[in-house]
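Visitor: I have a structure here, written as structure tokens, and I will follow up with some questions on it.
The values are calculated or read from the model by the stated rules, or taken from the named source; none is laboratory data. Computed from a predicted model, the values in this text were never measured in an experiment. Quick reminder, even Gly has a Cβ in these numbers, built from the backbone with ideal geometry, and neighbours come from all protein chains shown.
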Amino acid sequence: MDKFVFRRPRPSSSSQTSQECEPPDERPVKKPKTEYDNYKTNRNIKKEPQNSLLDEEDDEASGGDGDSGLVADSYDGIPFEEPLAAIEAVDEVTDVSPKDEEGAQKEGQPFYRSSIYVDAFNIALDTVLEQEEHLFNEQEKAVFAAWRNLDYEAQYLYVRLFLRKEATWHRTQRLSYRSNIGDLQTAIGALRLERELPSFEDALTRPFRLYKDPDQLILGASFTFAQSFDSVETTVDEAVALLSLDELKTMAKQMKAIGKTKAELRAAIVHMGTRQPTLAESVLRRQSSAGSASGTSAPATPVPELRRESTSSSSRGEQLVEKIMAITGPCIRITPSAFKLFERVHLVFYRTSEWTEKSLTTIVLAKMSKRNFPEYIVSRTANIFEDRDQLLDFESALRDQFKVDQIMNFNGKEEGFREVIKMFHNVVDHWRESVQKEQLHRHGEVNEDLGGDYLRRFKPVHVYTRIVHYVAHCLGRLHEYAEEYALLKELLDQRLLHLARRGSWYQRKALLEERYMATATPDPAYSDETQQKKYWLRKALHTCEEALQDRDCHLIYHYDLQKRILKLEKRLRIPRRLQHDFGHARLLTPEEHYVEGTQIKKDDGILMLLPRMNSTGQPDGGVSSGSSTKTIWVDELESFDGTIAECSVEEMCLNDYRKRGWKGYHSEGGIVRTLFAYLFYDILFLFLPNVFQTPYQACPLDLHTDSFYASRASEINRRLVDIANGEAPRIVQKVYDAHFERRTCVVGLQWDFPLEDVVELARCFHGDALALVCKVLAQEYRLRGGGLPDLLLWRTTPQPEVLFSEVKSANDRLSDTQRMWIHVLAGAGVRVAVCHAVAKHVRVR
């Protein structure tokens, strides 16, 4: 293991702006190297990445069935995306050539240039090839060798195009990198140069069949890094996408296409340019041509139009592409096969387990931003992927998962659900085989070498199981309950993958048995309808009992399961003496607070029936309550001189608490996670094998698993004793002094909270109570990271105390996760309240 261990060097100071160039005499921050490595590089790179390695896997904190944010845009306050337009003009080239006293380059001395774009790209490639070269075949290695032989300007142009949208054409006349590329056409020519590849027969494995275009995985006898319009077949849609809005309007006017927005104009031009003309249109065109020849109607300026010799839609499409090419001039794009290959390299390097359109490129962009990651020992595991087939399978699974996420987030309709089910049918056999194989090797040599079950997330079967989870949801939305029930049984039969979801699977299975399976099953157990219903009610009761006995069914699901058991026992008329009694497991109840305020509602439709405020400020009649996902209230503290300030319901209640002498934040647990990060900073980044795979992590890989607490039990328990003894303010101050200037990226830690407030909160917390909260987070950070009450309040007089308050408006109710946190906090002696927002008045706007 030691040969894979290397220490991440300290990043450069974050005080320098992203627009400044790195000074030539500044010591470069180099790529971390292994102890046995003799490889040397002269590349300079700013170690200021923005992204972290770990994805927040499968957030179950809300107690719901699905993820709350499948493709995250931020990571605990650390933004993922850096707008490309904002950094497009950054001149990051560093001139490290020898110069004389006047700054002129010395004669006979070589000129070296370095770019943070190219350096970031090459560091990923070099690191992967040093340790995991076995994941690539001979042809792919030949591509990497050709990449190294490219000059700087060609590499720079390729990386900048790589950071843009996949397989998109770019006008060469609009590629403006003058400060970095002296001869753009030479760089383009180097990328377009066709290069021979060694002959190699690559066996077609299962992942190849899941790609929309399998040829993108096969390089062939030769390849190019980039393509031009005249070298490949271009679709009409791709060509039209190159036109600007003004160019689209001009072409639409010529083609008599109708549209207002850019998307409408594109669609109309594609339709008019590819459809076959009708007979009437052909006659009118001939008449128009005859009239033009006789001089009756001649246009003032010649308008280029499509040739009319051919009426086939394919020929008309080719003519339209030619016309667009005449407008745009030469265009270039990255070859898809090479693009996919380098994406695979970044997938291996960054150890990401979620795929987005920018999941690889955003981390390259992050090197230009001011993000500093903690110092820790990187222990890179070279055998996470056993072979190339497993890597291709994993990559294919991630792409499928991304497609499913897009459908679930943006196309939650019947056609979207059926598309997900269709994708599932393509992989279901492979998923079942993989689950069986994983169960057979659970205690085998492979998992022992990997050093933890948390690394199973890098196996394709883990990704496919997540897809199957959403397939079950789609089947339920389509009312195909029998198929959904069978799939839930398969998910519950395996005990290795996505264990945190088992509670939701039990809940859904019991619901299906209680309500739908009596009529949905194709082979009823009883011919009598009443007996059939009782049969499935008994099965639902058995499912709930089994769930309560399952050690992997989390405690947050027990409350709902217990309620269902009591309801089913009443429906089955089970004798009282045989019914379950959950009095010993009854959750503690919170305090009840009520805050009155003025609610603001929109004046549309049914809301016309709501009372309006009269001239004296009093309501004209009774106030009716309606359900709303997000309510708007009057902010009385900010409303003055006749102006009405608006705020959320949480802010309205927070203002009321402040009037009573409380301090606090509406952070929904954000300040608690910040306090946890302060108190456990050194333990979070304690060296353990395999948990830090890259230098760009904001937390260890196992933080969201059960192994985090078990593998650090001694250090965590010692820290909990210190917290219970009142050492929390000192620890917070120590971490702040050491890391605030660099604003180190740490999971959960938000530097925006003032130090004075965090320290004062730590003092107001009773030591034993704070230690218990931290212990719960250390044991189950993923499941307990959410669900904390909306408001965290504290005060120092008359005595130091802390109050958690969960704000609820009309028709809101507590989730299972919120109930569990209320139980934990109340059991630790912390005051917990449910604050009910009451609309005393309603303003309609």
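Visitor: What's the number of the condition Leu492 fails, among (1) surrounded by 20 or more Cβ atoms within 10 Å (Cβ to Cβ); (2) in a helix (DSSP H, G or I)?
Guide: With (1) surrounded by 20 or more Cβ atoms within 10 Å (Cβ to Cβ); (2) in a helix (DSSP H, G or I) applied to Leu492, the lone miss is (1).
Visitor: Return the total of residues in segment 559-607 being among the aromatic types (Phe, Trp, Tyr) and modelled with pLDDT under 90. Steps first, answer last, please.
Guide: From segment 559-607, those among the aromatic types (Phe, Trp, Tyr) are 559, 582, 594; that's our starting set.
This time we only want the ones that are modelled with pLDDT under 90, so: 559, 582.
Qualifying residue count, segment 559-607: 2.
Visitor: May I pose another question? Report yes if some residue within segment 810-828 is surrounded by fewer than 21 Cβ atoms within 10 Å (Cβ to Cβ) and either assigned to a strand (DSSP E or B) or in the same structural domain as Gly767 (by TED's automatic domain parsing) (or both); otherwise report no.
Guide: Among the residues of segment 810-828, not one is surrounded by fewer than 21 Cβ atoms within 10 Å (Cβ to Cβ) and either assigned to a strand (DSSP E or B) or in the same structural domain as Gly767 (by TED's automatic domain parsing) (or both), which makes the answer no.
Visitor: Might you let me know whether segment 651-665 holds any residue that is among the polar types (S, T, N, Q) and either part of a helix (DSSP H, G or I) or in contact (Cβ under 8 Å) with a residue 12 or more places away in the chain (or both)?
Guide: Yes: segment 651-665 contains one or more residues that are among the polar types (S, T, N, Q) and either part of a helix (DSSP H, G or I) or in contact (Cβ under 8 Å) with a residue 12 or more places away in the chain (or both).
Visitor: Among (1) assigned to a loop (DSSP other than H, G, I, E, B); (2) at pLDDT 90 or above, there is one condition Glu514 misses while meeting the rest; what is its number?
Guide: Unmet condition: (1).
Visitor: Can Arg192 be described as within 19 Å of Val345 (Cα to Cα), at pLDDT 80 or above, assigned by TED's automatic domain parsing to the domain that holds Leu135 and among the charged types (D, E, K, R)?
Guide: No, not satisfied.
Visitor: Of the residues in segment 534-547, how many are within 27 Å of Trp821 (Cα to Cα) and surrounded by fewer than 18 Cβ atoms within 10 Å (Cβ to Cβ)?
Guide: As a first pass, look at segment 534-547 and keep what is within 27 Å of Trp821 (Cα to Cα): 541, 543-547.
Still in the running and surrounded by fewer than 18 Cβ atoms within 10 Å (Cβ to Cβ): 545-546.
Residues flagged as within 27 Å of Trp821 (Cα to Cα) and surrounded by fewer than 18 Cβ atoms within 10 Å (Cβ to Cβ) within segment 534-547 amount to 2.
Visitor: Sticking with this structure for a sec: Please state which one of Ala713, Ala724 is modelled with pLDDT of 90 or more and crowded, with 16+ Cβ neighbours inside 10 Å. Don't jump to the end; show me each part of the working.
Guide: On the way: Ala713 fails: crowded, with 16+ Cβ neighbours inside 10 Å.
Residue meeting the stated conditions: Ala724.
Visitor: Being among the polar types (S, T, N, Q) and surrounded by 15 or more Cβ atoms within 10 Å (Cβ to Cβ) is the filter here; which residues of segment 548-564 pass it?
Guide: Restricting attention to segment 548-564, the residues satisfying the condition of being among the polar types (S, T, N, Q) are 549, 562.
Answer for segment 548-564, where residues must be among the polar types (S, T, N, Q) and surrounded by 15 or more Cβ atoms within 10 Å (Cβ to Cβ): just Gln562.
Visitor: Among the numbered criteria (1) assigned to a helix (DSSP H, G or I); (2) touching a helix residue (DSSP H, G or I) at 6+ places or on another chain (Cβ under 6 Å); (3) not charged (D, E, K, R), which single criterion is violated by His473?
Guide: (2)
Visitor: Conditions first: (1) buried (at least 23 other Cβ atoms within 10 Å of the Cβ); (2) assigned to a helix (DSSP H, G or I). Ser805 passes all but one, so which condition is the exception?
Guide: Among (1) buried (at least 23 other Cβ atoms within 10 Å of the Cβ); (2) assigned to a helix (DSSP H, G or I), Ser805 violates only (2).
So that you can scan it fast, the table gives a plain yes or no per residue for (1) among the polar types (S, T, N, Q); (2) in a helix (DSSP H, G or I):
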site: His462; (1), (2): no, yes
site: Arg466; (1), (2): no, yes
site: His469; (1), (2): no, yes
site: Tyr506; (1), (2): no, yes
site: Asp523; (1), (2): no, no
site: Lys539; (1), (2): no, yes
site: Thr543; (1), (2): yes, yes
site: His558; (1), (2): no, yes
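Visitor: Take the residues in segment 147-179 that are among the acidic types (Asp, Glu) and assigned to a loop (DSSP other than H, G, I, E, B); name whichever of them is surrounded by the most Cβ atoms within 10 Å (Cβ to Cβ).
Guide: Glu166
Visitor: From the residues in segment 774-813 that are among the aliphatic types (A, V, I, L, M) and under 17 Å from Ala710 (Cα atoms), which one is modelled with the lowest pLDDT? Write out each step before concluding.
Guide: In the first step, residues of segment 774-813 are kept if they are among the aliphatic types (A, V, I, L, M); the result is 776-778, 783, 788, 791-793, 802-803, 807, 810.
Within this subset, residues satisfying the condition of being under 17 Å from Ala710 (Cα atoms) are 776-778, 783.
Details: Val776: 89, Leu777: 91, Ala778: 91, Leu783: 77.
If we take residues in segment 774-813 being among the aliphatic types (A, V, I, L, M) and under 17 Å from Ala710 (Cα atoms), then Leu783 is modelled with the lowest pLDDT.
Visitor: One residue is enough: does segment 637-659 have a residue meeting the conditions over 30 Å from Val838 (Cα atoms), out of contact with any Gly (no Cβ under 7 Å at 6 or more places or on another chain) and of a type outside the set (Ser, Thr, Tyr)?
Guide: no
Visitor: Give me the residue from segment 517-539 that is modelled with pLDDT of 90 or more and aliphatic (A, V, I, L, M) and, out of that set, nearest to Glu484 (Cα to Cα).
Guide: Met517
Visitor: Being without any contact (Cβ under 8 Å) to a residue 60 or more places away in the chain and either surrounded by fewer than 18 Cβ atoms within 10 Å (Cβ to Cβ) or over 17 Å from Leu588 (Cβ atoms) (or both), is that true of even one residue in segment 789-796?
Guide: Looking for residues that are without any contact (Cβ under 8 Å) to a residue 60 or more places away in the chain and either surrounded by fewer than 18 Cβ atoms within 10 Å (Cβ to Cβ) or over 17 Å from Leu588 (Cβ atoms) (or both), one finds at least one in segment 789-796, hence yes.
Visitor: Out of Phe708, Phe740, report the one residue that is crowded, with 22+ Cβ neighbours inside 10 Å and among the aromatic types (Phe, Trp, Tyr).
Guide: Selected residue: Phe708, the only one of Phe708, Phe740 that is crowded, with 22+ Cβ neighbours inside 10 Å and among the aromatic types (Phe, Trp, Tyr).
Visitor: Tally time: how many residues in segment 372-409 are within 20 Å of the chain's Cα centre (by Cα) and either surrounded by fewer than 18 Cβ atoms within 10 Å (Cβ to Cβ) or closer than 19 Å to His462 by Cα (or both)?
Guide: 15
Visitor: I'd like to check something: does segment 452-470 contain any residue that is touching a residue at least 60 places away in the same chain (Cβ under 8 Å) and surrounded by fewer than 16 Cβ atoms within 10 Å (Cβ to Cβ)?
Guide: Looking for residues that are touching a residue at least 60 places away in the same chain (Cβ under 8 Å) and surrounded by fewer than 16 Cβ atoms within 10 Å (Cβ to Cβ), one finds none in segment 452-470, hence no.
Visitor: Right, something else. Condition first: closer than 18 Å to Glu514 by Cβ, surrounded by 13 or more Cβ atoms within 10 Å (Cβ to Cβ) and out of contact with any Leu (no Cβ under 8 Å at 6 or more places or on another chain). Now tell me which residues in segment 565-601 satisfy that.
Guide: Leu566, Lys567, Ile574
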